[in-house]
Amino acid sequence: MFKRLIYIILLLPVACIEPYQVEVPEGEQLLTVEGMITSGPGPHVITLTRSATYGSDFQGLIRPVTQATVVVRDDQGKITFLTESNDARGSYFTPASFSAEVGKSYTLYIQTSEGKLYSSFPERVESVPALTKVGVRTVTIDQPGGGNPKSGIQLIAEVNDPADQNNYYYWRNGTSVYILETRPDLFTPRPSDANPSRDPQPKACCAVCYKTEATNNQSLFLAIDDNFNGLTTQVPVGFIEDDGLRFVNKFRVDVRQLGITQEAYRFLRLVKQQAEISGSVFDPPPANIRGNMISLDNPDEKVLGYFIAAGESTHRIYVDKDDLTFKQNKAIIPDDCLTVPGTTVDPPADWRP
């Protein structure tokens, strides 16, 4: 018996295992539509991308859809063509003079460079009450393990909800501008053979600039007026993180209050819920949420995203550094502030803090 076992053991190293080839089908590339038109001033943007699903060699890769024909048609038959940006491929802009009209319905049509046709369902532009007051509140977020907490300002809107209709709200941050302070006196060039010195070489300009940036929310801020119909209430509508630069001096942001349809609200609420999944074993698996876009060539083709048409009211606020009850340590940029993208030494023409 022992000799037989030794014989089997000696044979094992020369045994051959034939690999099993698994054929994984190529994942389909799904068209994703993101963007909106509103009753506010243009231009408005629609962004088209394709993302590969599980099984593709390019899984997770997002590709802009370029050279498409993109138009918006209202319920009166008027057509508006969108133009692709040269700087942001896959982003299509309406003319600056275009604004959606409250009460009208709009449909988005897309023809790709391959000739594929897509359409949204008609989306009605709902009215929205005027946004007349926005306040700020400092928020701190403790970090695991302790240390300096993250912080920022929470935007609080006062909503005067009308009693004669059911309203669905969506809030977004518009463009922000703030005074950026840097330290050109601390500028030190990178050492090289031509310049081996590691000593600072101060620049004559510039220490103060005005920086323009998009401060998008990391979460979706939505509300339905079931609990405050016809009342005045305060609602959190945004959050802007303190990065050690934004709130050193003056900060300005435009808060956009949008009136959306019930269908758009339901779509955005599902997106918000999926984005906030904690990741436990009891959570539902992530899924592609169907929006209001369809393929006109293939009804079975999945198209992601949602074309939103909305009424808009915008309110501009200025935040002073003293409005914050907790501030991050001032970040140091040892260079001319004009080297930071999006800056200028001159204030915007409408800068009136």
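The residue that is modelled with the lowest pLDDT, among those in region 141-162 that are surrounded by 14 or more Cβ atoms within 10 Å (Cβ to Cβ) and closer than 30 Å to residue 331 by Cα, is 150. Checking region 142-153 against the condition returns no match, with no residue being touching a helix residue (DSSP H, G or I) at 6+ places or on another chain (Cβ under 6 Å), polar (S, T, N, Q) and either assigned to a strand (DSSP E or B) or more than 22 Å from residue 40 (Cβ to Cβ) (or both).
Please find, within region 328-338, the residue that is farthest from residue 147 (Cα to Cα) out of those that are more than 25 Å from the chain's Cα centre (by Cα) and not acidic (Asp, Glu).
338
Looking only at region 90-117, how many residues end up being surrounded by 14 or more Cβ atoms within 10 Å (Cβ to Cβ), on the phi < 0 side of the Ramachandran plot and within 23 Å of the chain's Cα centre (by Cα)? Residues meeting the conditions: 12. Would region 114-125 turn up any residue that is touching a helix residue (DSSP H, G or I) at 6+ places or on another chain (Cβ under 9 Å) and assigned to a loop (DSSP other than H, G, I, E, B)? Yes, the conditions are met somewhere in region 114-125.
Taking the numbered list (1) touching a Gly at 6+ places or on another chain (Cβ under 8 Å); (2) surrounded by fewer than 19 Cβ atoms within 10 Å (Cβ to Cβ); (3) not small (Gly, Ala, Ser) in turn, residue 169 passes all entries but (2). If the condition is being crowded, with 18+ Cβ neighbours inside 10 Å, under 30 Å from residue 314 (Cβ atoms) and not hydroxyl-bearing (Ser, Thr, Tyr), then region 175-191 contributes 177, 179, 180.
Residues of region 43-96 that are at pLDDT below 95 and among the acidic types (Asp, Glu): 57, 87.
Residue-wise test of (1) under 19 Å from the mean Cα position of the chain (by Cα); (2) not aromatic (Phe, Trp, Tyr).
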position: 213; (1), (2): yes, yes
position: 218; (1), (2): yes, yes
position: 228; (1), (2): no, no
position: 231; (1), (2): no, yes
position: 236; (1), (2): yes, yes
position: 256; (1), (2): yes, yes
position: 260; (1), (2): yes, yes
position: 264; (1), (2): yes, yes
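The values are calculated or read from the model by the stated rules, or taken from the named source; none is laboratory data. Please read these numbers as outputs of a predicted model, since none were measured by experiment. Cβ coordinates were reconstructed from backbone atoms using ideal geometry, including for glycine residues, and neighbour counts include every protein chain displayed.
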